[in-house]
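Everything on this sheet refers to the single structure shown next.
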4 protein chains.
Amino acid sequence: MSTQNGNGILENDTVELAKIVHVFKNLKSLENFNRNGGDVVPIFVSKEKLVCEMLIQAQHLNSKGTLHGGQTATLTDIITARAAGVTIKDKGMASVELAVSYMLPVKVGDTIEITANVLKIGRNMVFTDCDFRRKSDGKLTAKGKHTIAILPDLPGVDLDNGKQF
Amino acid sequence: MSTQNGNGILENDTVELAKIVHVFKNLKSLENFNRNGGDVVPIFVSKEKLVCEMLIQAQHLNSKGTLHGGQTATLTDIITARAAGVTIKDKGMASVELAVSYMLPVKVGDTIEITANVLKIGRNMVFTDCDFRRKSDGKLTAKGKHTIAILPDLPGVDLDNGKQF
Amino acid sequence: MSTQNGNGILENDTVELAKIVHVFKNLKSLENFNRNGGDVVPIFVSKEKLVCEMLIQAQHLNSKGTLHGGQTATLTDIITARAAGVTIKDKGMASVELAVSYMLPVKVGDTIEITANVLKIGRNMVFTDCDFRRKSDGKLTAKGKHTIAILPDLPGVDLDNGKQF
Amino acid sequence: MSTQNGNGILENDTVELAKIVHVFKNLKSLENFNRNGGDVVPIFVSKEKLVCEMLIQAQHLNSKGTLHGGQTATLTDIITARAAGVTIKDKGMASVELAVSYMLPVKVGDTIEITANVLKIGRNMVFTDCDFRRKSDGKLTAKGKHTIAILPDLPGVDLDNGKQF
């Protein structure tokens, strides 16, 4: 049963969150490119929003010792797709457009908070974006956008082990 | 001395190409995120263009078994930055904007040809884009764009070992 | 004197708002492309945010009778630039990157609320975005992004009559 | 009958070009936002490419006396949609994503050459981009991108009088 708690958050979002935590934890052991999302820790989920944290470590850096642009883009891809997957359970998805604006360099040891927003789910298309904030001061470090096509004819995908991205 | 050969390509681009091949070969051994560019093989370089190839392998895939959107974004970032680095030798650079349009899924075993174009080098800004084509039939599979700020006050960077991205 | 009212809004923002209302009202009489912002009515301004409304009329439409994509892009350009202009008073600005995602068609007779956000003002660069919402139901109809270069060497511009965009 | 001439261009492209010239000429008299494409002169068309020219005049400018970012975005929207319309004759289209990078200011009296490329026509989606070049020296002044959804259920549109954008 799904009931509303005081924060307007569905009770069974904690079930959804547990699933998503599980999915991200598993990424680390993968051989494919999704392994690059393996340090992400989901902390809140609803149909509209997925909030995660990540501690910046050596494997996320560019040669200047700050968070790599490709890592930020990869997190945008994976986290927004998973946010959309809270609603789109039985269909495949394919990226149409990914874009990232880089505003502030993030250093090793910083924790970033990533908030993915599901802006609109249409019949054929999902619009999402996400904010990257430095947890220590809340400053916006990057902003991503991910527009995704819903694949009408594909068989259902198994969300529980990260098959959707 | 730099002389022109029959293809209108500067002779000493072969020196530049050798350097770039060396840079990309080294990426594989890195601990940082640039390791994700380690399967890229540069095949041509000029001041305006850097052409590379990459054989799609397990480490580049999403869960559907096709080239991961984050891998494509990462390649856009790294290869266009290196293309700009052919001209910008003594300054730091920082990504401002990265964007990718995804047109066709690419399968494991396919080889993609990535052509990075240096569109404009201004005083503070470099505009680049790149095409991803499936080598077997020349079809466009993705198109990337990378707008980069030139950092005026940073010390020079060591290009020879991939310090520019 | 600038004091804080109950909403955390600076009192003298009403002075700034009056200026901006004046600027937009004047656009209608211009011969240049800024005339296309002439139906915009600013309703709130702070250093971080400029909120406007526009009633969709015949001059804003495409051939399908809905808000034209070029009109939305033009509003993104003009309104976010003006939002940045609240802070950047003595320098020229130039667009680097404009992007719009279109989510929902807007019909003639609808009023849209446009909220421009100043995300970051750096030394050389301003990052902004904006939301377009249908006022009747609050639904997001489009989302824009505008990345602007601050021109270091240009003479000051006269904000009072819309000289900044 | 459609036959190939020496340039690899279909003979009946001249018929198509005449139609497109007619469409753009008509835009000037429209009340809707498409009037802002009314100074565009198409000069070449094929299924992959639509090339146009436009003399920069007072109505296209920003307050700095150079081509307005919103005008460039509007041209990107209209010209790429028309380029896609050469192939997609019997279906509606809707913008999903529009993006423009601005590289060089263009002055009044300059002529720009705009080349729209149809990159991919899929089942549900069209990918296009376009280059803006200053005709006097061929320099790239801006680059646009327009991703368009094909509307499956809409009735056919009348291309001959610009009903497609």
- Query: Here are some conditions: (1) among the aliphatic types (A, V, I, L, M); (2) surrounded by fewer than 16 Cβ atoms within 10 Å (Cβ to Cβ); (3) outside any helix (DSSP H, G or I). Residue C:15 meets all but one. Which one does it not meet?
  - Reply: (3)
- residue C:64 fails exactly one of (1) touching a residue at least 40 places away in the same chain (Cβ under 8 Å); (2) under 19 Å from residue D:62 (Cβ atoms); (3) facing chain D (nearest Cβ under 10 Å), namely (2)
- Filter result for residue A:159 (modelled with pLDDT under 95 and either touching a Lys or Arg at 6+ places or on another chain (Cβ under 7 Å) or more than 10 Å from every other protein chain (Cβ to nearest Cβ) (or both)): yes
- Message: Can you pull out every residue in region A:129-145 that is at the interface with chain C (Cβ under 10 Å from one of its Cβ atoms), of a type outside the set (Gly, Ala, Ser) and surrounded by 16 or more Cβ atoms within 10 Å (Cβ to Cβ)?
- Response: A:129, A:131, A:140, A:141, A:143, A:145
- Failed criterion for residue C:95 (all others in (1) crowded, with 21+ Cβ neighbours inside 10 Å; (2) over 13 Å from residue C:147 (Cβ atoms) hold): (2)
- Note on the structure: Scanning region C:91-111 residue by residue, those within 14 Å of chain D (Cβ to nearest Cβ) and closer than 14 Å to residue C:137 by Cβ turn out to be C:103, C:104, C:105, C:106, C:107
- Which of (1) out of contact with any Ser or Thr (no Cβ under 6 Å at 6 or more places or on another chain); (2) more than 25 Å from residue B:138 (Cα to Cα) is the odd one out, the single condition residue D:124 does not satisfy? (2)
- Query: Quick one: residue C:9 ticks every box in (1) surrounded by fewer than 16 Cβ atoms within 10 Å (Cβ to Cβ); (2) at pLDDT 95 or above bar one, so which box is it?
  - Reply: (2)
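Listed here are the residues, each with its yes/no results for (1) more than 14 Å from chain A (Cβ to nearest Cβ); (2) over 16 Å from the mean Cα position of the chain (by Cα); (3) among the hydroxyl-bearing types (Ser, Thr, Tyr); (4) at positive phi.
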position	(1), (2), (3), (4)
B:53	yes, no, no, no
B:71	no, no, no, no
B:85	no, no, no, no
B:115	yes, no, yes, no
- Message: Given the criteria buried (at least 21 other Cβ atoms within 10 Å of the Cβ) and assigned to a helix (DSSP H, G or I), does residue A:50 qualify?
- Response: no
- Message: Take the conditions hydrophobic (A, V, I, L, M, F, W, C), buried (at least 24 other Cβ atoms within 10 Å of the Cβ) and part of a helix (DSSP H, G or I) and apply them to residue B:81. Does it pass?
- Response: yes
- Note on the structure: Here the residues within region B:18-47 that are under 12 Å from the mean Cα position of the chain (by Cα) and more than 9 Å from chain A (Cβ to nearest Cβ) are B:20, B:21, B:23, B:24, B:38, B:39, B:40, B:41, B:42, B:43, B:44, B:45
- Message: Filter region C:22-46 down to the residues that are charged (D, E, K, R) and farther than 18 Å from residue C:113 by Cα and list them by number.
- Response: C:28, C:31, C:35
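For (1) of a type in the set (Ser, Thr, Tyr); (2) out of contact with any helix residue (DSSP H, G or I) (no Cβ under 9 Å at 6 or more places or on another chain), each residue gets a yes or a no:
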{"site": "C:87", "(1), (2)": "yes, yes"}
{"site": "C:103", "(1), (2)": "no, yes"}
{"site": "C:108", "(1), (2)": "no, no"}
{"site": "C:113", "(1), (2)": "no, yes"}
{"site": "C:124", "(1), (2)": "no, yes"}
- Checking residue A:62 against (1) more than 16 Å from the chain's Cα centre (by Cα); (2) of a type outside the set (Ser, Thr, Tyr); (3) closer than 26 Å to residue B:103 by Cβ; (4) crowded, with 17+ Cβ neighbours inside 10 Å, the condition it does not meet: (3)
- Which of the residues spanning region D:32-42 are touching a residue at least 24 places away in the same chain (Cβ under 8 Å) and over 23 Å from residue C:72 (Cα atoms)? D:42
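The values are calculated or read from the model by the stated rules, or taken from the named source; none is laboratory data. Treat the numbers as computed from the prediction; the structure is a model and nothing was measured. Positions of Cβ are generated from backbone atoms using ideal geometry, with glycine treated the same way; all protein chains shown enter the neighbour counts.
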